[in-house]
Every structure is written in structure tokens, then in C-alpha cells.
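Input: a single structure, listed below in C-alpha cells.
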Amino acid sequence: MTGRRTDNDQLYKVASERWNELQNGTRTVVMVGTATCGRSAGALDVLEAIRKDIAGRNIDFHVAETGCIGLCYAEPLVYISNPGQPAVLYGNISSRQVPELIGKHIGENSPPKKLALGSIGTGKLDGIPRLFDTPVLRLQVRKVLNNCGIIDPGDIDHYLARQGYRGLIRALGNAPGDVIDEIRDSGLRGRGGAGFPVWRKWQFCRDAEGEPKYLVCNADEGDPGAFMNRSLLEGDPHALIEGMIIAGYAIGAGLGYIYCRAEYPLALQRLRQAIGQAEQINLLGKNILDSGFDFTIKIKEGAGAFVCGEETALLASIEGKRGVPRPRPPFPAVSGLWGRPTTINNVETLGCVAKIMQNGSGWFNETGTEKSRGTKSFSLVGNVRRTGLIEVPLGITLREIIFDIGGGIPGNKKFKAVQTGGPSGGCVPADMLDLNVDYESLNKAGTIMGSGGLVVMDEDTCMVDVARYFLDFAQQESCGKCIPCRWGTKQMLEILDDITGGRGRIEDIELLERMGNGVKKGSLCGLGQTAPNPVLTTIRYFRNEYESHIIDHSCKSKVCRDLIHFMIVEEDCTGCRLCAKGCPVDTIEGEPREAHTIIQSGCTRCGVCIEACPEKFSAVRCISGKPEKVESN
């Protein structure tokens, strides 16, 4: 983008010409996915290698960065398009492979099939499937993520050429009430976790007395393993900005805040760049597009406190206060930022708003269920073959997500459970794989949608340890303001530590249930109200594992260190002494070429011995149960 353009027709004419030249022109186009996931896999090294390699060739080319298309398992990703041919997306590219990749695809016009994930665009390439026909993308419906991994997030013309800011123009041509009605007709519910109808929240704020009104975007994504919001910010920042301007217009706000954690430096960088670009062409700021509507956006960096994802704690943090929740009512829509009416929506919600206003409410609600309309993005992580960012229609089943899109469980292991909703969510067992993913179905199963984290677990996962892990996270992140959360989560964690340490009592299971329900009912904010979910659902669906830990002093998954031990099978041991040499506490006895023995009283169960033992012998075994418990049998 060069210069300042305020005429709408000229704005889109220039953007479309630049985009068409990129897609259908005479230049070779190379784009590298440089979102955080790509960078962690070495994408910047690949990008530098590509620029150096192409610079030495006599071709007209364009090299750019793009966001995450969602195939995190295949990073780094490289997209190459020769003039007149479909583009090809390549995966798992290293800088060493760049000369071969560029040489074959560009130099010889022969795309290397072994590196290709799929083709994008019209036409077919022999031996390379269309990307969106592949299993990982076939069931996905990309509405809010439709630009991620396709456009250069640093070039506003790319966004404009794909209908960007058309929704804003449409909104400004209607009354604010009409915009709220459009969002109501779409059926959009908040994508931050609670699923509250967006239009209703907007209407409350618009009708509230008091000026000025504020809009806040909650980009404080703190769930372990969650990266939905970050990926949208890095891959399509203008979608958020457009959605915020539309929301501000609808509720009557002139100022919006983006509350984003400082651990997202790339997202913050691209947001600031996008805000500057939008201001430059009068899509943001004073008298937007000569409509008489003023709207500005400020960024507030959060320090990473999980509790600041709760809306009242977030507002306190923006005001410069300690980020702790306050009782409600009054709700933020009536008394929020600095005591003024405030609407708080998360990143994905506002991204959906932009797309709905661009395409209409019917386009959005044609997918989903009667009560859960549209699509939802999820981060799919854990014990699954194809990890990444996905967007699926609400109502899809867990089985379709994990096995069709995710490719199932690696290592031919069995699926055991999936946790939905992050540390505030619950664990769903294997016999509920056909559960529909929508707000009502997940709530009935004892879990939540949350912001969209899905953690897949295989047969080697100890569900008691999983409950302990997530409760430990919630307990550490508790602000401590209310007693049920501060002390309740601490006492529950102590009980779980006793159970995983072999000190549990059978009555502890019922005690955990009573305490968990008490914490849910008595806590001040959503952190405490949902913190017991991992414990309560694992007891509900995996009670036998709790009983095994307590009664048998045994962790069948061989995860809880105090409930396992290592032993050496005499007939398989050759006396090579590799285990003894590796043992950090010198608890393995035996002469060379004679069978060895582990002294159980000194063993720390670190597992070094089992790693040191040659695979062809496998003389060291991990046994479920305490040594004294096994010996007594």
C-alpha cells in the first residue's frame, strides 16, 4: 500500500489489481508461513534461504510472509505459484531443502511431489491432491480463518481485495440498531467460552445510561496449548480491527482497547502495523469514510496473569489496578471501564462480526446447529497425529475432529480422552467420541467449549495426574481474592497430591466431589467456578483410576512416580552395566556379565536405567505399583 486513498472505489480498485497481479500475473510467488508456530520450526531460516536462492536466478518473483493456515504439524510451510499454474503448499521444509524445492518447482517447473501437501486454486497437478480435499481440511469450514495462511497480514491491500472492510462500509450505511439485528439474526454467540448471545450483550451496552461507552477486545489467551486468537491476530489482524470498528459503531463507543498478553510479540507487532495502515486510509480514526463516526483503538499489554482473562479483572488491569475480579452485578455493560458502559468480546467473536457483516447473517448461520450457529476454531494438540489450528462447523463430533481431521492417535495407541475448554474444561472419555461439539452437548457432558482448546490423550495418560496438573495450574493462577477458590483449589490439590503419591484414602474421592461442587458454587469469578471441572469429570468418567491409585497403590499408566517401580529381569540381563553407569544415585548392583539388581529403597524412579538398557535386551521394566506392594503379593 502506498499513499493515502480515501475514495472507496479507488481503494478497492488498486487493491484488487495488486491482488490479481499476484495471483494471475507473470511473477512467481513464494510465501512462507511465519506465524509463531512456523518460526518455532525454523521458518525464518527457510525464508532467508529462499530469498538468497531466488535472487541468484533470472526470474521475476515475489516473496512474502503469511500467517498460519493451521497445519502446525507440517511447519515450516512454503507456498509456491508459477504463472498460469495452481499454487502448491509444501510442508516440513528445512533450509537445506530449499535449493531442491526451488530448483524443481521454479527452475524445472516440476513440483516435487514428495514434499507437497496439496495444491491451491483452479486446475489440477498430477500426483498432488487439492489441499482442501485432503483429510485434514476436507471437513473444515473456514469462515473466520479464511484469510489465514493465504494473505500477507502485513499488506492491507490483500485484506481489501478479499472483501475486507466491506462489512464496515455496509455497517456505516445502516443504523446501529440494524447492525445489532444482523448479528442477532446470525445467531453468533461469544467465542470466549460462555457462549452468551453477542447481540444481546451489545444491546445492553447501547441501552445503558452513561457516556462515553467503551469496547474491549479480550486477547488474553492464557489456556495451556491454546493458540486460536494468536493465530488470527498474526494471520489476519485487519479482521479483528474491522470487527471492533463495527462493534464500536453498534454500541455507540468511540474508543476500543485490545488487551493482549505481552507473550504475543508477533501478534502485537502485526496489530500495530495493521492499525497504522487502517488509520492511513481513513478506515480508523476521525470521521471514518466521511460517515461522521469516530473510532480509535489502543493496545494494552497484559502481564500474562490467567485471571485477567476474566472480564472484570481485565478491566481492572486496563485501569492500572491489580487484575482481580469484582462481584457482579453491576455487569460491565452497565458499569465497566472507569465505571462506564463497556462491551467485552474476544478476538474470534469480533473476527466473526467482520465476516458476518461482509457476507450476511444467512451466510454465517447456514452452518452449525439450531442453538449453536456458525463455526468454531480450535487448537488441536496432544496425542494426535495432525496437530494444529482448525475451524469446524458447530455440531461436528469429537470423532470427526480427532480421527478424520487429526488423523487419530500416533503409535497405534488407543484413544483415551480429550479435554475441551482448557484448564477450566473437562475430560471426555472414549465411549463419548460421537458427542457433538456444541455449547449444549458439551455442558451436558460436564465440560465446556471454552475458548477452543482440545487436548487429546492416549492410553498412556493417567487421568488422575491430568486432573492434578490442570488443578495445579488453576490454583497457581488464582488471584486469591475469594476463599472458595483460594483455599478450595489448594485443598483439592493437596488431596490429589496424596492420591498420586500413594497416600490417598477411598473417602477422598467423595471429598473431592463435595469440595469441587462447593468451589464451583462459591467462587467469585469464572476461574474458580470452572477450576474443579477436570477433577469432577475425571472422577465421573475414570473413577476406576482413582480407586486403583488408592486401593492398589498402582498407576496403570505408569505416570505417577510414587506408584511405579523399576526392576531388572534376571534372565534378560547380560550384565553390560550400561544401566548402572547411567544411574544418578548408584542404586544398581551387579558384577560385569552377571544379572543386575535395583535397590528399591534408594531408587528415585527417574527412568534413566530403562533408557540406557539396549532395546534388543529390554531387561529393565517399569512396573505399576509400589515396590513393597508388589513384593507383598
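The values are calculated or read from the model by the stated rules, or taken from the named source; none is laboratory data. The shown structure was predicted, so the numbers you read here are calculated from the model rather than taken from an experiment. Neighbour counts are summed over all protein chains in view; Cβ atoms, including those assigned to glycine, are modelled from backbone coordinates with ideal geometry.
Where residues in region 194-229 are among the hydrophobic types (A, V, I, L, M, F, W, C) and without any contact (Cβ under 8 Å) to a residue 40 or more places away in the chain, which of them is surrounded by the fewest Cβ atoms within 10 Å (Cβ to Cβ)? Steps first, answer last, please.
From region 194-229, those among the hydrophobic types (A, V, I, L, M, F, W, C) are 194, 196, 198-199, 202, 204-205, 208, 215-217, 219, 226-228; that's our starting set.
Now restrict to residues that are without any contact (Cβ under 8 Å) to a residue 40 or more places away in the chain: 196, 199.
Values: F196: 13, W199: 20.
Across region 194-229, the extreme among qualifying residues is F196.
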Going through region 261-276 one residue at a time, which ones are surrounded by 20 or more Cβ atoms within 10 Å (Cβ to Cβ) and either of a type in the set (G, A, S) or assigned to a helix (DSSP H, G or I) (or both)? A267, L268, R270, L271, A274, I275
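Which residue out of G210, G243, G225 is on the phi > 0 side of the Ramachandran plot, in contact with a Gly (Cβ under 6 Å, 6 or more places away or on another chain) and not in a strand (DSSP E or B)? Let's see the steps before the verdict.
Working: G210 fails: in contact with a Gly (Cβ under 6 Å, 6 or more places away or on another chain); G243 fails: on the phi > 0 side of the Ramachandran plot.
After ruling out the rest, the residue left standing is G225.
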Would you confirm, using the coordinates I've provided, whether D572 is farther than 14 Å from C462 by Cβ and not hydrophobic (A, V, I, L, M, F, W, C)? yes
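Can you name every one of the helices (runs of 4 or more DSSP H) wholly within region 531-633 that holds 2 or more residues which are among the β-branched types (V, I, T), touching a Ser or Thr at 6+ places or on another chain (Cβ under 6 Å) and surrounded by fewer than 16 Cβ atoms within 10 Å (Cβ to Cβ)? Can you show your working first?
Numbers: elements: 533-551, 578-582, 608-612, 627-632.
The helices (runs of 4 or more DSSP H) meeting that bar number zero.
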Let me spell it out: the conditions are (1) under 30 Å from G488 (Cα atoms); (2) in contact with a helix residue (DSSP H, G or I) (Cβ under 9 Å, 6 or more places away or on another chain), and I551 meets all of them except one. Which number is the exception? (2)
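Within region 167-177, can one find any residue that is among the charged types (D, E, K, R) and either surrounded by 24 or more Cβ atoms within 10 Å (Cβ to Cβ) or not in a loop (DSSP other than H, G, I, E, B) (or both)?
Checking region 167-177: at least one residue is among the charged types (D, E, K, R) and either surrounded by 24 or more Cβ atoms within 10 Å (Cβ to Cβ) or not in a loop (DSSP other than H, G, I, E, B) (or both).
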Just wondering, is there one or more residues in region 406-422 that are within 19 Å of E221 (Cβ to Cβ) and part of a helix (DSSP H, G or I)? yes
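Going by the conditions given, is I539 assigned by TED's automatic domain parsing to the domain that holds L471 and either more than 28 Å from the chain's Cα centre (by Cα) or touching a residue at least 24 places away in the same chain (Cβ under 8 Å) (or both)?
Working: assigned by TED's automatic domain parsing to the domain that holds L471: yes; either more than 28 Å from the chain's Cα centre (by Cα) or touching a residue at least 24 places away in the same chain (Cβ under 8 Å) (or both): yes.
Criteria met by I539.
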Can you name every residue in region 285-300 that is modelled with pLDDT of 95 or more and outside any loop (DSSP other than H, G, I, E, B)? G285, I288, F295, T296, I297, K298, I299, K300
Out of the helices (runs of 4 or more DSSP H) lying entirely within region 79-164, which hold 3 or more residues that are outside the structural domain of G395 (by TED's automatic domain parsing) and surrounded by fewer than 18 Cβ atoms within 10 Å (Cβ to Cβ)? none
For region 34-56, indicate whether the set of residues that are in contact with a strand residue (DSSP E or B) (Cβ under 6 Å, 6 or more places away or on another chain), assigned by TED's automatic domain parsing to the domain that holds G107, part of a loop (DSSP other than H, G, I, E, B) and at negative phi is non-empty. yes
Looking at region 85-144, which of the residues that are β-branched (V, I, T) and farther than 27 Å from W363 by Cα is farthest from the chain's Cα centre (by Cα)? I106
Sole exception among (1) assigned to a loop (DSSP other than H, G, I, E, B); (2) over 21 Å from F542 (Cα atoms); (3) among the polar types (S, T, N, Q) for T447, by number: (2)
